[in-house]
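Working notes, structure below.
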Amino acid sequence: MECMDIEVKMGDIALAKNADNLAALGIGSCVAIMLYDPKLKIGALAHAMLHHSPTPGHGSADTKYIDTAIDEMLKKMLTYEAKKQDIEAKIVGGANMFSILDSDIGKQNVLSAKEKLKKEGIKLAGECVGGSIGRSVEFCIATGIVTVKTKF
Amino acid sequence: MEKLQEINKHGALNASRALSKLIDRPVDVRVSEARVKKVEELASIIGPEEIVVGIHLPVTGDIEGAALLIFPEETAFTLCDLLVKREPGTTRRLSGLDRSALKEVGNIISGSYLAVFSNMLQVKTIEHIPSLSFDMFGAIASQMITNFAQKAGKALVTDIEFIFKPVALKGYFFLFFLLEQIDVVLGSLENHRKLIKGSG
């Protein structure tokens, strides 16, 4: 079977099955949210930038926002007959790259991802967040294993 | 917009002259058009996993924004050889001294660009202390992008490429300003001109 590596760019989401891999490269204050159904071996990855969409639940599907990105991923996974109670989540990112930048965007992003997952009843299975380092993630759909790469 | 291109060109030249003086080498400069871009577009200029030095300087005053200077790893190492006066090719990691030398480069380049900018537009700009990050380009760029995307989807982004010997090494300078603020500044410039014309 031919497998694909799909790079998910900032603000996008993607869904993959079986032997495919999903990846998000060079994550700073953004968060990569990975949802996985181990029974069906399907997974989705969001490379989201900002915490809350300005008008959640009004039909806008702007996946640069964490809440709408999670909604969209769940919607897609449920069409493949995934069940919410089987889905587990992992989150990576939420750093602050410049110490002087009085920015808590990264922190807010992590918090908001956790809140949203809790609200949807999705179990958080793992996280690699915060600090001031850039990260890349690779999400292997066949196994559900998430690999985090840093410069150091 | 025409005025902005002119400022961009002069600012870039001034900045490259300052860099050339600092490293005692000729520096070529390539200026792309100052354009209003979706801030996200910045992410595609360099590979997201490429290791770079990013120097970030907040700008306040009449107009708020930020300057970001990007040097790919090899460029940063070469700059350190030149600035700290080491044998060429010997810098392989960044010490505290190297980091502060690179921040100074950030100060000088953005200072000389902004001097032209403030002068030609008659606006006050205050440059703040630089901070440095040595990491993946994607991570550094996305931090800037998110910062701006929170306030507005679009910004005036200008990029300048510095090219210098011994081998062709590149660096990039980006300036971010929110669109509405640029409009205000350009508008006031236009009024100012009309007033002068009217009285003459």
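Annotations
- Put in line by how crowded their Cβ is, counting other Cβ atoms within 10 Å and starting with the fewest, A:I105, B:I145 read A:I105, B:I145.
- R0 of 22 Å, Cβ-Cβ distance A:K84-A:A19: FRET efficiency to nearest 0.05: 0.35
- Cross-link pairs beyond the 18 Å C-alpha cut-off, checked among A:K64/A:K151; A:K41/A:K118; A:K64/A:K107; A:K90/A:K119; A:K41/A:K83; A:K9/A:K64: A:K64/A:K151; A:K41/A:K118
- Between B:G65, B:G171, B:G96, the residue with the greatest mean-square fluctuation in the GNM of chain B (Cα pairs under 10 Å linked by springs) is B:G96.
- Between A:D104 and B:L97, the simple spin-label model (points 7 angstrom out along Cα→Cβ) gives 3.9 nm.
- Among the GluC sites (Glu not before Pro) in segment A:1-92, those placed in a DSSP loop whose Cβ has at most 14 other Cβ atoms within 10 Å are A:E2, A:E81.
- A cut-off under 14 angstrom between Cβ atoms defines the neighbours of A:T79, and their net charge, with Lys, Arg +1 and Asp, Glu -1, is +1.
- 10 Å binning of all Cα-Cα separations within chain B, expressed as whole percents from 0 upward: 9, 36, 35, 15, 4, 1, 0
- Among beta bridges from DSSP that stay inside chain A, the antiparallel ones total about 75%.
- Binning all Cα-Cα separations of segment A:40-142 at 10 Å, short to long from zero, yields these whole-percent fractions: 14, 46, 32, 7, 1.
- Among A:Y80, A:Y65, A:Y36: highest mean-square fluctuation, GNM of chain A, C-alpha pairs under 10 Å: A:Y80
- Straight-line cross-link reach from A:K149 at under 15 Å between alpha-carbon atoms covers these aspartates and glutamates, not counting any fewer than eight positions away in the same chain: A:E7, A:E127, A:E138, B:E49, B:E50, B:D135.
- For the peptides B:7-18, B:119-130, the ranking by mean Cβ contacts within 10 Å, running from highest to lowest, is B:7-18, B:119-130.
- Take each residue of peptide B:126-135, count the partner chain Cβ atoms within 10 Å of its Cβ, and average: the result is 4.
- Summed side-chain charge close to B:A12 - residues other than B:A12 whose Cβ falls under 10 Å, Lys, Arg +1, Asp, Glu -1: +1
- Centre separation in Å (Cα based) which lies between segment A:104-147 and segment B:1-43: 38
- Between B:R25 and B:I108, full extension at 0.36 nm per residue minus the direct alpha carbon distance yields a gain of 28.3 nm.
- Residue exposure proxy: A:I141, B:I63, A:I33, B:I45, ordered by other Cβ atoms within 10 angstrom of their Cβ from fewest to most, comes out as B:I45, B:I63, A:I141, A:I33.
- Which of A:V129, B:V84 has the fewest Cβ neighbours within 10 Å, and the rest in rising order: B:V84, A:V129
Throughout, read-outs are computed from the coordinates displayed, never taken from laboratory work. These numbers come from a predicted model, not from an experiment. A quick note on method: Cβ atoms are made from the backbone with ideal geometry, for glycine too, and the neighbour counts reach across all protein chains shown.
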